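Each remark here refers to the structure printed beneath this line.
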Amino acid sequence: MTQKLKHHLIPTYYNEFKCIGGSCEDTCCGGWRIDIDKKSFKSYKNERSSAIKNDLQKSILRNKKQDAIEANYGYFKLDEENKCSMLTEEGLCGVQKELGEQALCNTCKIYPRLIHEVNSVVEKSLTLSCPEAARVMLNRPNGIDFVEEEAIESIKPNQKIMHTPEENEIFWKIRIFMIDTLQNRNYSLETRLLLISMFIQKYSELEQINTSNVDTLISRYSNYLKDNSLEKAFSNIKVLHSTQLLFALPLLNYETTSSRYNNLVQAIKESFEIKDNSLSEESVNIYKETLNKHYKNFSDTYGYILENYLVNSIYEQIKMPDNKYLLDKFTSICVNFTLIRLFILGYGKSQGEFNLDLVLYCIQSFSKKLVHNSEYKTQISTILQKDTSSILSQITSFIHI
């Protein structure tokens, strides 16, 4: 069957990524469950090669949960170091070494790539849980650009989404507005986020969502970017340092099986003198002092990294124009940003410096251990539900410094 050309939207960083294999400082073959699709699982079960047959049989398990689907039909066992039991001493995949790349299950074949199809447009990105993907994606001082091309796509998308023609037009307008706003460096990153949160709050209150209303709303908030009083207006909002630390506290006490992540969190807790799972006035004062002393200089030098993080998050996660969906997704992105900022400040303070490698380390470690973790998402949702204020108020309390 002849494969058809498809329209692709690709960030310019995407094709620059190449796996560095055993040289990677944090293998993707450990620290989480590695799912095996049904086709690959059955192939592994029937493997006849004497070089790998026995190891494979001992290393794979059937997923017997009721919600199991073809994509997670089975999974690889993890060893005592929480790594895939098919990982070699050289840090390479035993399946690929003995059977070739074509024998990899879908999870291992695709990672760290993410592929979505939105209204027949293939959208590709990388996940930040991979250290090399994080370097390629985030270390772009001039920001993230996108290219469009026609190509044949052989990889099945992680997700397919279809909109009505009007929904598609609204979706594109909103996402472009959000990315354009985030890349407007005339304002602090926090101001850009607060402006988007104001837009989304108003969008969620529209009685009727159509292209005309959305155009009017986008025009209104785009015009705010031309108003020099915007930054000053936000500066009058009270900074809730204790709220930001209290929000992060349950997550700083979240134990994982990764010593890399746990060591990072321990350094942050020591930096802010967080002891006995409680928050003292001294901790809040240290956090406030660290923000005031270091964040401006950090932002001037490395603010583009956080901008790229947010732009990629919007591109990767915003796929529909539904107002509740937008509220939930954007709030989640702001929560992650707030925690990453705190991680960078705390770890930078513990190391006595802020540099590129430190920032990338914090973002990658956070992304691998929490963003992919369903328990983390549940915990965040529970914390947010305790607050009865508007989404705008919640985001402002997290973001504003």
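Helix 296-317 axis versus longest C-alpha principal axis of the chain: approximately 60°, rounded to the nearest ten. For the range 290-310, the residues whose amide N sits under 20 Å from a probe point set 7 Å from the Cα of N139 along the beta carbon direction are 298-310.
If R0 equals 45 Å, the separation of the Cβ atoms of K97 and H7 corresponds to a calculated FRET efficiency of about 0.80.
Each label point was placed 7 Å from the Cα along the Cα-to-Cβ direction; for Q266 and D357 their separation is 2.1 nm. Stretching K173 away from L225 to a fully extended chain increases their span by 17.0 nm, per 0.36 nm per residue minus the current alpha-carbon distance.
Please give the net charge around L9, taking every other residue with its beta carbon less than 13 angstrom from that of L9, where Lys and Arg add +1 and Asp and Glu add -1. Please report the intermediate quantities before stating the final value.
Numbers: positive: K6, K124, R175, K319; negative: E117, E123, D145, E148, E149, E150, E153, E316.
Here the charged neighbours net out to -4.
Axis of helix 374-385 versus longest Cα principal axis of the chain: the two differ by about 20°, to the nearest ten degrees. Under the combined filter of DSSP loop state and at most 13 neighbouring Cβ atoms within 10 Å, the range 223-281 retains these trypsin sites (Lys or Arg not before Pro): K226, K238.
Distance from the Cα centroid of the range 1-69 to that of the range 260-283 is 36 Å (rounded to whole angstrom). Projected label points at F146 and H294, each 7 Å from Cα along the beta carbon direction, are separated by 3.4 nanometres. Checked against a 23 Å cut-off, the cross-linked pairs K39/K109; K64/K97; K6/K319; K18/K173; K38/K109; K6/K329 give Cα-Cα distances beyond that limit for K64/K97; K18/K173; K6/K329.
Taking GluC sites (Glu not before Pro) across the range 283-360, the ones in a DSSP loop with at most 13 further Cβ atoms lying within 10 angstrom of their Cβ are E353.
Annotation: cysteines of the chain without a disulfide-compatible partner (Cβ-Cβ under 4.7 angstrom) are C19, C24, C28, C93, C105, C108, C130, C334, C362.
Extension gain for A68 to E281 (0.36 nm times residue separation, less C-alpha to C-alpha distance): 72.0 nm.
The calculated FRET efficiency for N82 paired with S120, based on their beta-carbon distance and R0 = 45 Å, is about 0.70.
Net charge around S278, counting only other residues with Cβ within less than 15 Å of its Cβ (Lys, Arg = +1; Asp, Glu = -1)?
On the way: positive: K269, K275; negative: E270, E273, D276, E281, E282.
With Lys, Arg at +1 and Asp, Glu at -1, the net is -3.
Each label point was placed 7 Å from the Cα along the Cα-to-Cβ direction; for S242 and L61 their separation is 4.5 nm.
Here the gap between A233 and S259, fully extended at 0.36 nm per residue and compared with their Cα-Cα distance, gives a gain of 5.1 nm.
With the charge dipole of the range 211-345 set up from +1 on Lys and Arg Cβ and -1 on Asp and Glu Cβ about the Cα centre, the Cα lying farthest toward the positive end among the listed residues L326, N336, L246 is that of L326. The calculated FRET efficiency for the pair R113 and I20, based on their C-beta separation and a Förster distance of 22 Å, comes to about 0.90.
Every number here is computed from the coordinates shown, using simple stated rules; none is lab data. Note that the structure is predicted; figures quoted are calculated from it, not measured. All Cβ positions, glycine included, derive from the backbone under ideal geometry; neighbour counts span all protein chains shown.
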